[in-house]
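Some notes on the structure that comes next.
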Amino acid sequence: MRIKVSFPGKGDKVLTIEAECDLETLQGLILSTSEDDILLEGIRYGFPPQSVTFKGNENKTLEQLGISNGEKIIVNLTEVGKPVATSPMKHPDASQVHKQGNQKDSKASGASSKGVWIDSRRLLQVHDVPDDNSCLFHAISYAVYKDISLSSEIRRIVAAAVRKDTIKYSDAILGRPNHEYSEWILKPTSWGGGIEIAILSNHLKYAIYVLDVDACKYEKFNEQLYDQFIIIAYNGVHYDTVEILDGSYHQTVFDIREKDSQFLLQETLKVAREMKREGKTFNTTRDSILCNTCGTTLIGEREVSKHAEKTGHVDFRQK
């Protein structure tokens, strides 16, 4: 059978391979096709994308994994010398702090509106996603898959979950008939919120920590169910993703069992406080939003959502 192997940032290659091929053999074939010095972590395939690491799964065949002819698989790779997996965070020691303090780059130390250095090489930052009314779905898609093109598929997951359980997602809970809501949430102009976050947390098997930038606190979804979690930052009208940037490696999934996870959460709050200090938050109970299309002034996200649904306008800014 033929499969397309996608190397992030390096293009695609088509391999002809037997369905009985195991992952160890596939790993060797992939390495033989690459001219770069790389390390392989595993592969992602299917939808929703599922990840399989090479380590511990060497004897599993493509057929056993459900990979069929024409499948596209994405290789999780890292250039040699780069981190290949999540690593526990370390508190910077005195020498690191001194080194940072003497760097001339304005990003070298302390919190900025978008990030804070957690040691001499790793930056905890807010990763911007497009501001197009699908930001919640973009933020979660980026956190889980490093790919916002799956946002529309994530909307479909939500719509299917709503339609499937008309009792849990009753008309009263949704504020409109169940079938209308499930159709409405598929529209790219429809904003997502708590209902969508809870559904996606259960579906993706990650706890989702929502950082309320204005309140400088977290709202945690399913923290008792899942040890691994992602963090999305909400400034009152827009969601972005929290990540750790280490060279070219972007860490967006964390584990509460890691001894420094609380340090991560505390440092993320520093980012939120700095964003709030710089006025990069929106309070839905007191702030106004201007529709750039028609000039209407709206109070809070609910009015904006209703206005967008009624008029089709999607271009807004804080007034």
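Under Stokes-Einstein, with the Kirkwood radius over Cα pairs as Rh, the value for the stretch 155-216 at 25 °C and 0.890 mPa s is 198 µm²/s.
Calculated translational diffusion coefficient of the stretch 124-277 (4 °C, 1.567 mPa s; Stokes-Einstein with Kirkwood radius over alpha-carbon pairs) equals 81 µm²/s.
A simple rule links phi to the HN-Hα coupling: the Karplus curve 6.51 cos²θ - 1.76 cosθ + 1.60 with θ = phi - 60°, which for the stretch 199-209 gives 4, 5, 4, 5, 6, 7, 6, 10, 5, 10, 9 Hz, with x for Gly and Pro. Pairs spanning more than 20 Å between alpha-carbon atoms, out of Lys146/Lys217; Lys187/Lys306; Lys217/Lys270; Lys72/Lys187: Lys146/Lys217; Lys72/Lys187.
Distance between the modelled labels on Lys205 and Leu225, one decimal in nanometres: 1.2 nm (7 Å Cα→Cβ projection).
Counted over the stretch 191-264 with a bin width of 10 Å, the fraction of Cα pairs per bin, in whole percents, is 18, 52, 28, 2. Annotation: extensible slack from Leu290 through Asp255 equals 8.7 nm (criterion: 0.36 nm per residue apart, minus Cα-Cα distance). Distance between the pseudo-spin-label points of Thr297 and Thr61 (7 Å out from Cα toward the beta carbon): 7.0 nm. On full extension, the segment bounded by Asp131 and Ser152 gains 6.1 nm, given 0.36 nm per residue less the C-alpha separation. Partners of Lys310 within straight-line reach, counting aspartates and glutamates whose Cα lies under 17 Å from its Cα and excluding those fewer than 8 residues away in the same chain: Asp132, Glu180, Glu183, Glu301.
Straightening the chain between Ser68 and Arg277 buys 70.0 nm, computed as 0.36 nm per residue apart minus the Cα-Cα spacing.
In this calculation the C-beta distance from Ser6 to Gln262 is compared with R0 = 35 Å, giving a FRET efficiency of 0.45.
We did not get these values from a lab; they are worked out from the coordinates using the rules stated. This one's a predicted model, so the numbers in the text were calculated from it and none came from an experiment. FYI the Cβ positions are ideal-geometry reconstructions off the backbone, even for glycines, and counts take in every protein chain you see.
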